[in-house]
Amino acid sequence: MHERDTIAAIASAAGRGGIGIVRLSGPRARHIAERICKRGLRPRQAHHVRFHDREGAVVDDGIALLFVAPASYTGEDVVELQAHGSPVVLHEMLEACCALGARRARAGEFSERAWENGRLDLAQAEAVADLIAAADLRAARAARRSLEGEFSQRVDALAHTLIALRVQLEASIDFSDEELDADGEAALRRRLDAARGQLAALLAAAEQGRRLRDGLHAVIVGPPNAGKSSLLNALAGSDRAIVTDMPGTTRDLLQETIRVDGIELTLVDTAGLREQGDAIEREGMRRARNELARADAALVVLDARDPEAGRAAVESALAGVPEVVWLLNKRDLLPSAPAAGSEGLLVSARTGEGLEALHARLRSLAGGGGEGAFSARARHVEALRHAHGLLGEAAAGFASARPELAADSLRRAHDALGEITGRVLPDALLGHIFATFCIGK
Ligand SMILES: Nc1nc2c(c(=O)[nH]1)N(C=O)[C@@H](CNc1ccc(C(=O)N[C@@H](CCC(=O)O)C(=O)O)cc1)CN2
Ligand SMILES: Nc1nc2c(ncn2[C@@H]2O[C@H](COP(=O)(O)OP(=O)(O)OP(=O)(O)O)[C@@H](O)[C@H]2O)c(=O)[nH]1
Ligand SMILES: [Mg+2]
């Protein structure tokens, strides 16, 4: 039988540190470590040892820790050699491991092995990387929850529900001479609807988790001269964008990242949308529309004095944008309190009036107060959305008395959920996911 190779890497961060760790995983990990330490290691016992280089000279002293398969992070034999955090020492120890038969680990390979050995599912492994990458405590907590399996468990529970539904449906197909009675049919439909509802809720939660990880991508749009660039400047707190009283000032996209309560918010200022315009402006509008297509939210800026002006040109570009915030800008130019019923937040990019309310709105869009949120990635959201669409198809198939279509949609929805946890997996996905991890993770 083919034996797996043994991998080694410096698991601590690059650079000098108090302590640095060389980690080994695989069938030869123990043997290699015992050669480097020149002594035997007992499982799960911290040994104070001397580490030896390729020539057999002492390079450092430190702690050696052996975990015997399967009770380790990777599920294989794992050894940690904890030395002083000197890059020179750690590199020499890594060389010694390789001279003794280990191979340098690729990025994410320890976690990949943990996944292969069933120690973590894919969403959990991704959460490990997200925890390490977390920019603030909230993102770290969300990643923790996914790492604990909160997200995976909800996905798995839904996947089980779908299997149960499919079994019921298939049974009704196999015994089609004994038509499902009306009660049975109503019960099945209820369960299908309930599953769709659960999936929609999970999708919303995952979307929030995704924003927590990736930040919110908000695009500022509106007719020329409404004050879009002024709003960007006001939110960013700097004169980032050129502002003039000439319509058509902004042509290119201008991006600025701000943080609202620890959440990263990417704001993109765009060219004013209108029917006419020169070639440059038209190109600017094309870019604005492209940007909207991948936005989480649109901030629509209208002139409060004449909100209807240019509204139609903007509205036509908003199709498919998940969240739209309507803003009535230049509130300071309104003679008095505006007529009630005007839709949208009244703000003034000039005086800053109303921006607090806008902040609050952005906070809630970005998943603010999102306690209970878990981290999720775009690929998870896509898989959930796909599964949700398929459940819609299943319901339609069921409604049109075509249970075999419904059963097939259920099977595909189940597979889409399986891609999240890695229980069902297109090959190309794996390498892609783990390649973005740190070395030694
Ligand atoms: N020194 C050290 N710290 C670390 C890690 C590590 O590998 N080494 N981790 C790595 O990323 C994280 C913790 N995750 C870990 C997960 C599982 C096991 C482990 O050995 N599990 C075995 C034994 C459990 C036990 O005896 O309690 C098991 O689950 O069977 C170790 C660390 C963060 N801190
Ligand atoms: N009084 C007042 N003037 C504003 C306000 N916001 C913007 N303006 C003015 O409106 C004019 C247009 O502002 P911009 O921010 O350049 O507008 P824009 O929407 O980016 O315009 P384009 O880039 O041409 O599409 C400038 O003269 C600003 O000073 C506001 O809240 N109050
Ligand atoms: Mg502008």
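Classify the stretch 216-366 as rounded, prolate or oblate from the Cα gyration tensor: take a ≥ b ≥ c as the square roots of its eigenvalues, call it rounded if a/c is under 1.5, otherwise prolate when a/b beats b/c and oblate if not. Don't skip to the answer; put the middle values down first.
On the way: a/c = 1.35, a/b = 1.08, b/c = 1.26.
The shape class here is rounded.
Is the C-alpha gyration tensor of the chain telling us rounded, prolate or oblate? Criteria: a/c under 1.5 is rounded; beyond that, a/b larger than b/c is prolate, otherwise oblate. Don't skip to the answer; put the middle values down first.
Numbers: a/c = 2.98, a/b = 1.39, b/c = 2.14.
Taking the square roots of the gyration eigenvalues as a ≥ b ≥ c, the chain is oblate.
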Inset, instruction - Pop out the ³J(HN,Hα) list for the stretch 311-320 in order, Karplus 6.51 cos²θ - 1.76 cosθ + 1.60 with θ = phi - 60°, rounded to Hz; leave Gly and Pro as x. - result: 5, 4, 4, 6, 3, 5, 8, 8, 4, x
Inset, instruction - Could you tell me how many degrees, from 0 to 90 and to the nearest 10, lie between the Cα long axis of helix 137-148 and the main elongation axis, the longest principal axis, of the Cα atoms of the chain? - result: 60
Legend entry - Listed residues ASP214, ASP408, ASP245, most fluctuating in the chain (Gaussian network, C-alpha, under 10 Å): ASP245
Inset, instruction - Among GLY237, GLY26, GLY197, determine the one that fluctuates most according to a GNM of the chain built with springs between C-alpha atoms less than 10 Å apart. - result: GLY237
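For the chain, what relative contact order do you get, as a whole percent, if you take Cα pairs closer than 8 Å and at least 6 residues apart?
Worked out over the chain, it gives 17 percent.
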Legend entry - Dipole-positive endmost among PRO70, GLY56, HIS359 within the chain (Cβ charges, Cα centre): GLY56
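For the stretch 216-366, with only Lys/Arg (+1) and Asp/Glu (-1) charged at the beta-carbon, what is the dipole magnitude about the Cα centre, in debye rounded to 20? Display every interim value, and only then the final one.
Details: 17 positive and 22 negative charges, 20 e Å.
About 100 debye.
Within 11 Å, Cβ to Cβ, of GLY440, how many net charges do the neighbouring residues add up to if Lys/Arg are +1 and Asp/Glu are -1? Walk me through the numbers before you get to the answer.
Numbers: positive: ARG23, ARG104, ARG106, LYS441; negative: GLU80, GLU109.
It works out to a net charge of +2.
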Inset, instruction - Rank ALA139, ALA319, ALA200 by mean-square fluctuation in a GNM of the chain with C-alpha springs under 10 angstrom and give only the top-ranked residue. - result: ALA319
Legend entry - the stretch 216-366, relative contact order [Cα under 8 Å, separation at least 6], %: 26
Legend entry - GLY440 long-range amide H proximity, modeled H, under 5 Å: GLY108, GLU109, PHE110
Legend entry - Within-9-Å neighbourhood charge of ARG28 [Cβ basis; K, R +1; D, E -1]: -2
Inset, instruction - List the residues whose amide H sits under 5 Å from the amide H of VAL324, counting only those 5 or more places along or on another chain, with H placed 1.01 Å from N in the peptide plane. - result: ALA298
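Need one word for the stretch 189-282: rounded, prolate or oblate. Basis is the Cα gyration tensor (sqrt eigenvalues a ≥ b ≥ c); a/c below 1.5 gives rounded, then a/b vs b/c decides. Could you put the intermediate results ahead of the total?
Working: a/c = 4.09, a/b = 1.95, b/c = 2.09.
Oblate.
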Inset, instruction - Towards the positive end of the charge dipole of the stretch 7-120, with charges on Cβ (+1 Lys, Arg; -1 Asp, Glu), say which of GLY108, PRO87, ALA14 has the farthest Cα. - result: GLY108
Inset, instruction - On a 0 to 90° scale, report how tilted helix 150-174 is relative to the longest principal axis of the chain, with both axes built from alpha carbons and the result rounded to the nearest 10. - result: 80
Legend entry - In nm, spacing of pseudo-spin labels at HIS160 and ARG106 (7 Å Cα→C-beta vector): 3.4
Legend entry - Volume in Å³ per residue [convex hull over Cα atoms, computed for the stretch 7-120]: 87
Inset, instruction - Working from Cα positions, state the angle (0 to 90°, nearest 10) between the long axis of helix 403-421 and the longest principal axis of the chain. - result: 60
Inset, instruction - Compute the signed sum of charges (Lys and Arg +1, Asp and Glu -1) over the other residues within less than 10 Å, Cβ to Cβ, of ARG54. - result: -4
Inset, instruction - Treating cross-link reach as a plain straight distance, find the aspartates and glutamates whose alpha-carbon is under 14 Å from the alpha-carbon of LYS330, omitting any fewer than eight places away in the same chain. - result: ASP245, ASP303, ASP306, GLU353
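Read the figures in this text as sums done on the coordinates, not as results from a lab. Every value quoted in this text rests on a predicted model; they were computed, and no experiment measured them. No Cβ is skipped: glycine too gets one built from the backbone with ideal geometry, and neighbour counts run over all protein chains shown.
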